[in-house]
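This report concerns only the one structure given below.
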Amino acid sequence: MNLPNLKNYSALVIPVLLIYTFLLSFLNYEVPTALWVLDLSLVLVSFSIYVFQKSMVSYVLRRIRGAIVTIFIISSFVFLMLRVLPGGPFDQEKVLPPEVKANIEAKYNLDAPLHEQFFNYIVGLVQGDLGESYKYLGRDVSDIISESLPASLELGIYSLILAFIIGIPTGVIAASKHNTIIDNVAMFGAIGFVALPNFVVAAFLIVLFVYWIPIFPPGFWEGTSSYILPVIVLGTRPAASIARLTRSSVLDVISSDYIRTARSKGLSDWSILFKHVLKNSLIPVLTFSGPLVAGILSGAFVVEMIFAIPGIGKHFIQSVGNRDYPLILGLTLFYSVLLIVANLIVDLLYSYFDPRIKLK
Amino acid sequence: MKKVRIFYSILIIASLVFAIGCTKKRNKLDYGLNIKETLRVNLASEPPTLDWNKATDTTSNTIISNIMDGLTRYNLKDPNLSLKPALATSWKSTDRAKKWTFVLRKGVKWTDGVEFTAQHVIDSWERLLNPKTASGYAYFLYGIKNARTYNNGKLKDFSKVGVRVNEKGELVVDLEAPQSYFPMLLTHSSTFPIRKDLIKKYGDDNWAKPGSLVSLGAYFLKIWEHDKAIVIERNLSYYSKPAHIKNILAYMINESSTAISLFDAGRIDIQNSLPTTELSILKNRKEYQSVSLLSIYYYGFNTKKPPLNNLDVRKAISMSIDRDEVVKLAGGGETPLTSWIPLGMFGYEPKRGIKFNPKEARRLLAKAGFGPKKKFPKLVIGFNTNENHKRIAENIQAQIKRNLGINLELKNEEWKVYLNSLRLHKYDIYRIGWLADFPDPDNFYNLLASYSENNYTNWGNKKFDKLVEAGVSETDRDKRKSIYSQANEILTEKDIPVIPIMSSVKHSLVSERVINYPRNSMNVVLFKEVSLKE
């Protein structure tokens, strides 16, 4: 049986399905769980086949081993840092009588010696138990994450798609029209958008599209029209960064020998640009994408706040203010895992874009 | 190759068809509720819990007080916030307010049809005081005989705690010491009756959710989507007059400017808490409403730290601050305060306290020995990081500089770090506030008793402590007034451990379609009296 190689025509199934899924969810239709499962398993299967084909299995295993050590160190460090931080989870304006405070601390085992608390935490972690929030009574940290993640994930994915759709072509066009007015305008815009903070763009768009031309709602996450403004706000900055990265690396590749050869063979400009140049110039963009994906998917605090989106971003900030130890630890671990996985995928994809790179 | 392609094609077609077959809209606008019979408010944040024995915050209380009732409730139409019957139809005290008897209402039903009994009240108080519940508001009932020892685990037998049902089915409460305001505590959600059978069935931390939460108030909990919204619906079997509006949809929009945009777009009907910097504009809108809260915004001295241990220095500093100027800066119609009880509460004495007098302040400072020859040491004013607190602190710093020639340093810290610093007495002068738990002067005077955990001033006065205790046990209103007046004098004229600045104001935008939106100084928002224009 022919394996679904990304170069193969049949591999187009995956992007088609993914686009279809995202489109459904963007248009605010119920996406059946079966479709999500199908998407996810297809991606996973094809990616593992890719890893096998490139014989990177032992590399992946080694990276996973390293990741476990990293996660252990991060969780221990954060655990201890939280205990050093002044102010406890149950400090409040109206000071509690000592017996009331003692009862609360006994309930959460905060009166136990530190090493015992740490041991319990690690044991829980190994069993996959992140503990219960101190602030939101009766809610497990894993529940809080899984309940607030979908909105952030949607926002993140739409914004990433927007960023790549705008960023890469802009970079390529700017590079191919190097030093022309098109290039200058594109790069001026890109630098502008990188420099503009999210909340300024958001405020501008809200004034424009909510007050002056009221076509979009100013907040909430409940349908296509409410998705558009936050996605634009969150997507423009990465789009600008991607455009600048793409442009500079396309410029590097464009002047290399094999492109000159291709040109001398009489290939058309566009075919050279999108078939030969682009793929080879995506390495820097790929490197940039790892942390970008992790950052955007784990919630964009400012954008979620401005548009009242019930995402995960605000928990990152508020849990610290509340000294909600289990939630802070859970979110830190979640973010670490996301970052590690994103970086691993990026590393593995290097050898797809540049076969000279071998990971062993 | 061909087979694979066919396989994939079938897969795609099948799934696409399957997906199109389920073309259901995911998110419905406003949960599909009919806007004509729905009031949309902004709760601003996720309530930490709806378990009324455990909730300690105002957000949770807003929902709880609409789905539940206590034995007593405030008469919100009375500016003095007198009490009126709720689940108790009448009550009386004997033994000089040391023993209270409550006659409970008959025929009240919970939303699952079970009849309300006195046992539900006792169950609730047992749970509130049980150390295992770890409730932050357990101390609300410390006045009851043996309640404190039960809460700290020394007493295991709850039957020894002073609450029981007598042969007439009335609730009898024995207190440790006289407490004239005891019935007022029963307006507080932590003391509301509870259904232990359901808590046992669903779990101590898990019962307070739609489906398992049973209540008996004007509304019941219908939907709770975390971090997004709560929907409560009118309880048609409510024992009193049913609510006017069918649904209350309470969104959780953290950012007030976003909420105002949503208000402007007609997506929410009520927004409380408005950004101070925009108040001057928002105040001119016809939807604007405000109400003074029973609260004190004040600065405290570390009275052990020289030269603040010198009464004249404290007096001079308090005298050099023009409260009117601070209030003008705050910009929201706050009431300037020089005395200890806020406007609208029994015992408010606007004439008391140190009045602004820069000349006299300079004289006092010179008397304390500070002048051209002896420089005033560099003291630090602390406040928690917040734009409004910063503006006020800067103003106070400037006023003291202008009127006394003293340079003070400002320092701010994140809220919980700041609270920790207060306990460690890290600041010479600090900002803090207090919002009334119940509208009685004791709630404010108790703060600065020498044994109070909320007193960060290092100041204590035996006579003041005695007055506080006398005030609690006195039932005669006039006598109480005179006791509290003496306490006020010690606090704001004689010893001056604190500088009262102002009482705060709650600002709201209320849509024109909303009629009778409650405004009261205790910030109690009951939706049942509110109605909507057709």
Item to check | Å² of accessible area per residue within the stretch B:354-441, as computed with a 1.4 Å probe and no ligands counted | outcome: 48 Å²
Next on the checklist: For Cα pairs less than 8 Å apart in space and 6+ apart in sequence, what is the mean separation divided by the residue count of the stretch A:162-285, i.e. the relative contact order in percent?
Outcome noted: 37 percent
Checklist entry - So what's the angle, to the nearest 10 degrees on a 0 to 90 scale, between helix B:387-404 and the longest Cα principal axis of chain B? => result 10 degrees
Checklist entry - Points 7 angstrom from Cα along the Cβ direction at B:N386 and B:R519: gap in nanometres? => result 2.3 nm
Checklist outcome for this item: Rounded to the nearest 10 Å², the accessible area of A:D269 using a 1.4 Å probe with every protein chain kept is 100 Å²
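Listed here are the pairs A:K107/B:K160; B:K462/B:K506; B:K401/B:K494; B:K283/B:K494; A:K54/A:K177; B:K99/B:K154; which of them are more than 29 Å apart at the Cα?
Details: A:K107/B:K160 24 Å; B:K462/B:K506 36 Å; B:K401/B:K494 24 Å; B:K283/B:K494 39 Å; A:K54/A:K177 36 Å; B:K99/B:K154 23 Å.
Pairs exceeding the cut-off: B:K462/B:K506; B:K283/B:K494; A:K54/A:K177.
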Checklist entry - Can you run phi through the Karplus equation (6.51, -1.76, 1.60; θ = phi - 60°) for the stretch A:177-188 and list ³J(HN,Hα) in whole Hz, with x for Gly and Pro? => result 9, 3, 6, 9, 5, 4, 4, 5, 5, 4, 6, 4
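Can you check what the net charge comes to around A:S142, using other residues whose Cβ is under 13 Å from the Cβ of A:S142 (Lys, Arg +1; Asp, Glu -1)?
Once all neighbours under 13 Å are counted, the net charge is -4.
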Item to check | Cβ-based charge dipole, the stretch A:11-157, positive-most Cα from A:L137, A:V57, A:Q127 | outcome: A:V57
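Pull out a ≥ b ≥ c, the square roots of the eigenvalues of the alpha-carbon gyration tensor of chain B, then state rounded if a/c is under 1.5, prolate if not and a/b is larger than b/c, and oblate in the remaining case. Display every interim value, and only then the final one.
Values: a/c = 2.02, a/b = 1.34, b/c = 1.50.
It is oblate, given that a/c is not under 1.5 and a/b is not larger than b/c.
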Checklist entry - Size of the dipole of the stretch B:121-242 about the Cα centre, Lys and Arg at +1 and Asp and Glu at -1 on the beta carbon, nothing else charged, in debye to 20? => result 120 debye
Next on the checklist: What aspartates and glutamates does B:K98 reach when the alpha-carbon gap must be under 15 Å and sequence neighbours fewer than 8 apart in one chain are set aside?
Outcome noted: B:D174, B:E176, B:E469, B:E474, B:D476
Next on the checklist: Let me check against my output: what whole-number percent is the relative contact order of chain B, with C-alpha pairs under 8 Å and at least 6 apart?
Outcome noted: 18 percent
Next on the checklist: Tell me the carbon and sulfur percent of the accessible area for the stretch B:401-532, rounded to whole percent, probe radius 1.4 Å.
Outcome noted: 46 percent
Checklist entry - Can you give the charge dipole size of the stretch A:98-250 about its Cα centre, rounded to the nearest 20 debye, using +1 on the beta carbon of Lys and Arg and -1 on the beta carbon of Asp and Glu? => result 940 debye
Checklist outcome for this item: For B:K28, the aspartates and glutamates lying under 14 Å Cα to Cα, once residues fewer than eight places off in the same chain are dropped, come out as A:E30, A:E222, B:E225
Checklist entry - Roughly what % antiparallel, to the nearest 5, for the DSSP beta bridges in the protein assembly as shown? => result 80 percent
Next on the checklist: Need one word for the stretch B:411-534: rounded, prolate or oblate. Basis is the Cα gyration tensor (sqrt eigenvalues a ≥ b ≥ c); a/c below 1.5 gives rounded, then a/b vs b/c decides.
Outcome noted: oblate
Item to check | Prolate/oblate/rounded call for the protein assembly as shown, Cα gyration tensor, a/c under 1.5 rounded | outcome: prolate
Next on the checklist: Give me the 1.4 Å probe accessible area per residue for chain A, excluding ligands and nucleic acids, in Å².
Outcome noted: 47 Å²
Next on the checklist: Which one, B:P47, A:I357, A:I71, projects farthest toward the positive side of the charge dipole computed for the protein assembly as shown from Cβ point charges (K/R +1, D/E -1)?
Outcome noted: A:I357
Item to check | Radius 9 Å from Cβ of B:Y297, net charge of other residues (Lys, Arg +1; Asp, Glu -1) | outcome: 0
Checklist outcome for this item: Length gained, B:S90-B:E534, 0.36 nm per residue minus C-alpha separation, equals 156.1 nm
Checklist outcome for this item: For the stretch B:77-144, the accessible surface attributable to carbon and sulfur atoms (probe 1.4 angstrom, ligands and nucleic acids excluded) amounts in percent to 51 percent
Checklist entry - Summing Lys, Arg as +1 and Asp, Glu as -1, what charge do residues with Cβ under 11 Å from the Cβ of B:V525 carry, B:V525 excluded? => result +2
Checklist entry - If you roll a 1.4 Å probe over chain A with all protein chains in place, what percent of the accessible area is carbon or sulfur? => result 71 percent
Checklist outcome for this item: Residue-ordered couplings for the stretch A:216-224, obtained by feeding phi - 60° into the Karplus form 6.51 cos²θ - 1.76 cosθ + 1.60 and rounding to whole Hz (Gly and Pro as x), are 10, x, x, x, 6, 10, 8, x, 3
Item to check | lysines with Cα under 21 Å of B:K533, excluding same-chain neighbours fewer than 8 positions away | outcome: B:K36, B:K241, B:K246, B:K286
Item to check | Value of [θ]222 nm, deg cm²/dmol, for the protein assembly as shown, DSSP H segments ≥ 4, -39500 (n - 2.57) each, nearest 500 | outcome: -14500 deg cm²/dmol
Next on the checklist: Nothing charged except the Cβ atoms of Lys and Arg (+1) and of Asp and Glu (-1): what's the magnitude of the dipole of the protein assembly as shown about its Cα centre? Round to the nearest 20 debye.
Outcome noted: 1100 debye
Item to check | Relative contact order for chain A, counting Cα pairs under 8 Å that sit 6 or more residues apart, in percent | outcome: 23 percent
Next on the checklist: Of B:P210, B:G353, B:I381, which is farthest towards the positive pole of chain B's charge dipole, taken about the Cα centre with +1 and -1 on the beta-carbons of Lys, Arg and Asp, Glu respectively?
Outcome noted: B:I381
Item to check | Buried accessible area, chains A and B (both chains, 1.4 Å probe, Å² to nearest 100) | outcome: 5900 Å²
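The values are calculated or read from the model by the stated rules, or taken from the named source; none is laboratory data. Small disclaimer: the values here were computed from a predicted structure and weren't measured. Positions of Cβ are generated from backbone atoms using ideal geometry, with glycine treated the same way; all protein chains shown enter the neighbour counts. When the accessible area is computed, the model is the full protein with side chains, heavy atoms only, and any ligands, DNA or RNA have been set aside. Shrake-Rupley method; radii C 1.70, N 1.55, O 1.52, S 1.80 Å.
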